[in-house]
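Take a look at the structure below.
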Amino acid sequence: VNNTGRTVTRLANSAAGEDDWGIDMLGMQPLPNGETAQTSFGRGSDQCLWDFRATLEGGETREWRGVNLCEVSTVTLTPA
């Protein structure tokens, strides 16, 4: 869920603590503020902690680190 107040133009993830952000989870579709996107990605079932990095309209980036996807199924991106 995008609650950043701005459009997210790119969203990437990595296992917590890794340096590689991987591919853009949104593809070519920006995620406007207030909108929701559904995505899935594979990793071993023992991988719970994930980091997310969003690029916002205008080029600013924000990160959310250590999101426990074993405990939540919805990630809400909020302002820093």
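Counting residues in segment 24-33 that are open to solvent by less than 80 Å² (accessible area, probe 1.4 Å) and in a strand (DSSP E or B) gives one or more. Scanning segment 12-56 for residues that are hydroxyl-bearing (Ser, Thr, Tyr) and in contact (Cβ under 8 Å) with a residue 12 or more places away in the chain, we see that the one that is farthest from Ala80 (Cα to Cα) is Thr39.
Among Thr4, Thr9, which is surrounded by 12 or more Cβ atoms within 10 Å (Cβ to Cβ), of a type in the set (Val, Ile, Thr), in contact (Cβ under 8 Å) with a residue 12 or more places away in the chain and not in a loop (DSSP other than H, G, I, E, B)? One residue alone meets the criteria, Thr9.
Please tell me if Asp46 is within 14 Å of Thr9 (Cα to Cα) and outside any strand (DSSP E or B). So Asp46 does not fit the description; no.
Taken as a whole, segment 34-49 holds no residue that is surrounded by 15 or more Cβ atoms within 10 Å (Cβ to Cβ) and at pLDDT 95 or above. How many residues are free of Cβ contacts under 8 Å to residues at least 12 places away in the same chain, open to solvent by less than 70 Å² (accessible area, probe 1.4 Å) and outside any strand (DSSP E or B) if we restrict to segment 57-80? Count: 2. Within segment 12-21, the residues that satisfy the criterion of being in a loop (DSSP other than H, G, I, E, B) and either of a type in the set (D, E, K, R) or within 11 Å of the chain's Cα centre (by Cα) (or both) are Glu18, Asp19, Asp20, Trp21.
The values are calculated or read from the model by the stated rules, or taken from the named source; none is laboratory data. Everything quoted here is computed from the prediction, not taken from an experiment. Here the Cβ is made from the backbone with ideal geometry for all residues, glycine too, and neighbour counts use every protein chain on show. Side chains included, ligands, DNA and RNA excluded: accessible areas come from the protein's heavy atoms. Shrake-Rupley method; radii C 1.70, N 1.55, O 1.52, S 1.80 Å.
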